[in-house]
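Asks: Pasting a structure here, questions to come.
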Amino acid sequence: GQNIDQPTEMTATEGAIVQINCTYQTSGFNGLFWYQQHAGEAPTFLSYNVLDGLEEKGRFSSFLSRSKGYSYLLLKELQMKDSASYLCAVRGFTSGYALNFGKGTSLLVTP
Amino acid sequence: NAGVMQNPRHLVRRRGQEARLRCSPMKGHSHVYWYRQLPEEGLKFMVYLQKENIIDESGMPKERFSAEFPKEGPSILRIQQVVRGDSAAYFCASSPPRTSGSKSYEQYFGPGTRLTVT
């Protein structure tokens, strides 16, 4: 099985940097995903890591350490529109690559 | 290229009625996944389908729930004799075939169907 933990809520200031952590325990690892979900909307893909290290994509970066079962999502130059829930998801080798999601971290960006 | 389509967006059913949720994957995608999101909970995998085949339904409740992905038409998630506990957002996601060369085979989500059972 898989167990995924991430903080429930975080608050940060517009223009700042925030790091959202995710730890996981899994019997089989085939990639880690981060999705953004605004209230009442569909999750949208942000990043994918399958090897250790940092993947950078504009204002968003994601880091993975497989040996530690740890990932983080880094958001730079925060904007008000970044207020959303951020979902960490791990993919195994079963269920056709279905994703196992954490409960999500609700990020509030304040002026 | 249209994204994943789901309808209806909102569905209200009385206890005991049937709910039918439809999902049309992105063009070129042959893999469909259904997830359920309960209030204050994460997305939970329910079922994985390819055309005319249920590949894995390990996340689906054993009774009242069924899914299909026919050769023609959308994928359908069917809930019979709904109960209040079925109230949730149901999301469909699709991904390209493994042979597409995509590095991550990321799943693209539809807007969801919000089911309310009264």
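Asks: Kindly establish whether A:Ala89 is surrounded by 19 or more Cβ atoms within 10 Å (Cβ to Cβ) and farther than 30 Å from B:Gln50 by Cβ. Reasoning before the result, please.
Replies: On the way: surrounded by 19 or more Cβ atoms within 10 Å (Cβ to Cβ): yes; farther than 30 Å from B:Gln50 by Cβ: no.
No; evaluated as a whole, the condition is false for this residue.
Asks: Mind checking whether some residue in segment A:38-48 is of a type in the set (D, E, K, R) and open to solvent by less than 70 Å² (accessible area, probe 1.4 Å)? Full working, then the answer.
Replies: Here is the first cut: in segment A:38-48, the residues of a type in the set (D, E, K, R) are A:41.
Subsequent filtering for residues that are open to solvent by less than 70 Å² (accessible area, probe 1.4 Å) retains none.
No; the residues of segment A:38-48 include none that is of a type in the set (D, E, K, R) and open to solvent by less than 70 Å² (accessible area, probe 1.4 Å).
Asks: Then there's this: Identify all residues within segment B:57-70 that are surrounded by fewer than 17 Cβ atoms within 10 Å (Cβ to Cβ) and either of a type in the set (S, T, N, Q) or in contact with a strand residue (DSSP E or B) (Cβ under 7 Å, 6 or more places away or on another chain) (or both); write none if there are none. Lay out the reasoning, then the answer.
Replies: Here is the first cut: in segment B:57-70, the residues surrounded by fewer than 17 Cβ atoms within 10 Å (Cβ to Cβ) are B:58, B:61-64, B:66, B:68, B:70.
Within segment B:57-70, B:Ser58, B:Arg64, B:Ser66, B:Glu68 meet the criteria.
Asks: Sticking with this one: Could you tell me how many of the residues in segment B:1-23 are open to solvent by less than 90 Å² (accessible area, probe 1.4 Å) and either polar (S, T, N, Q) or free of Cβ contacts under 8 Å to residues at least 40 places away in the same chain (or both)?
Replies: 4
Asks: Return the residues of segment A:1-54 that are in contact (Cβ under 8 Å) with a residue 12 or more places away in the chain and of a type in the set (D, E, K, R); say none if nothing qualifies. Even if it seems obvious, please write down each step before you answer.
Replies: Taking segment A:1-54 and keeping what is in contact (Cβ under 8 Å) with a residue 12 or more places away in the chain, we get A:1-39, A:43, A:45-52.
A:Asp5, A:Glu9, A:Glu14, A:Asp52 - these are the residues of segment A:1-54 that are in contact (Cβ under 8 Å) with a residue 12 or more places away in the chain and of a type in the set (D, E, K, R).
Asks: Any residue that is under 20 Å from B:Ser24 (Cα atoms), assigned to a loop (DSSP other than H, G, I, E, B) and of a type in the set (Lys, Arg) - is there at least one of those in segment B:103-114? Let's see the steps before the verdict.
Replies: Filtering segment B:103-114 for residues under 20 Å from B:Ser24 (Cα atoms) gives B:105-114.
If we keep only those that are assigned to a loop (DSSP other than H, G, I, E, B) as well, we get B:105-107, B:110-112.
Of the ones still in play, those that are also of a type in the set (Lys, Arg) are none.
Within segment B:103-114, not a single residue is under 20 Å from B:Ser24 (Cα atoms), assigned to a loop (DSSP other than H, G, I, E, B) and of a type in the set (Lys, Arg).
Asks: Out of the residues in segment A:62-81 meeting the condition of being closer than 18 Å to A:Val18 by Cα and either basic (Lys, Arg) or under 10 Å from the mean Cα position of the chain (by Cα) (or both), tell me which one is surrounded by the fewest Cβ atoms within 10 Å (Cβ to Cβ). Break it down stepwise before answering.
Replies: Keep residues of segment A:62-81 that are closer than 18 Å to A:Val18 by Cα, which gives A:62-64, A:70-81.
This time we only want the ones that are either basic (Lys, Arg) or under 10 Å from the mean Cα position of the chain (by Cα) (or both), so: A:62-63, A:71-74, A:76, A:81.
Details: A:Ser62: 23, A:Phe63: 20, A:Ser71: 24, A:Tyr72: 19, A:Leu73: 25, A:Leu74: 16, A:Lys76: 14, A:Lys81: 8.
Per the criteria, the residue is A:Lys81.
Asks: B:Pro111 - would you say it is of a type outside the set (Gly, Ala, Ser), open to solvent by 70 Å² or more (accessible area, probe 1.4 Å) and within 14 Å of chain A (Cβ to nearest Cβ)? Walk me through it before giving the result.
Replies: Details: of a type outside the set (Gly, Ala, Ser): yes; open to solvent by 70 Å² or more (accessible area, probe 1.4 Å): no; within 14 Å of chain A (Cβ to nearest Cβ): yes.
Taking the combined requirement at face value, the residue does not satisfy it.
Asks: Would you confirm whether or not segment B:71-81 contains a residue that is open to solvent by 10 Å² or more (accessible area, probe 1.4 Å), within 15 Å of the chain's Cα centre (by Cα) and at positive phi?
Replies: Yes, the conditions are met somewhere in segment B:71-81.
Asks: Right, next: The conditions are (1) of a type outside the set (Asp, Glu); (2) at pLDDT below 95; (3) buried (at least 20 other Cβ atoms within 10 Å of the Cβ), and A:Trp34 fails exactly one of them. Which is it?
Replies: Condition not satisfied by A:Trp34: (2).
Asks: Hey, does segment A:93-109 have a residue that's modelled with pLDDT of 95 or more and open to solvent by 30 Å² or more (accessible area, probe 1.4 Å)?
Replies: yes
Asks: Scan segment B:24-48 for residues that are surrounded by fewer than 21 Cβ atoms within 10 Å (Cβ to Cβ) and hydroxyl-bearing (Ser, Thr, Tyr) and jot them down.
Replies: B:Ser24, B:Ser30
Asks: Within segment B:82-102, can you find the residues that are open to solvent by 40 Å² or more (accessible area, probe 1.4 Å) and either at pLDDT 95 or above or assigned to a helix (DSSP H, G or I) (or both)? Explain how you work it out, then say what you get.
Replies: So the first thing to find is which residues in segment B:82-102 are open to solvent by 40 Å² or more (accessible area, probe 1.4 Å), and the list is B:83-85, B:98-101.
Scanning segment B:82-102 gives B:Val83, B:Arg84, B:Gly85, B:Arg98, B:Thr99, B:Ser100.
Asks: Related question: How about segment B:1-40: which of its residues are among the polar types (S, T, N, Q) and within 10 Å of the chain's Cα centre (by Cα)? Can you show your working first?
Replies: Of segment B:1-40, the ones among the polar types (S, T, N, Q) are B:1, B:6-7, B:17, B:24, B:30, B:37.
The answer is B:Gln6, B:Ser24.
Asks: Just one of B:Ala2, B:Ala67 is closer than 17 Å to A:Ala98 by Cα and either in a loop (DSSP other than H, G, I, E, B) or within 14 Å of chain A (Cβ to nearest Cβ) (or both); which is it? Before you say what the answer is, go through the steps one by one.
Replies: Numbers: B:Ala2 fails: closer than 17 Å to A:Ala98 by Cα.
The unique qualifying residue is B:Ala67.
The values are calculated or read from the model by the stated rules, or taken from the named source; none is laboratory data. Bear in mind that the values here come from a model prediction, so they are computed numbers and not experimental data. Backbone-built Cβ (ideal geometry, glycine too); neighbour counts: all protein chains shown. All accessible areas refer to the heavy atoms of the entire protein, side chains included, with ligands and DNA or RNA removed. Shrake-Rupley method; radii C 1.70, N 1.55, O 1.52, S 1.80 Å.
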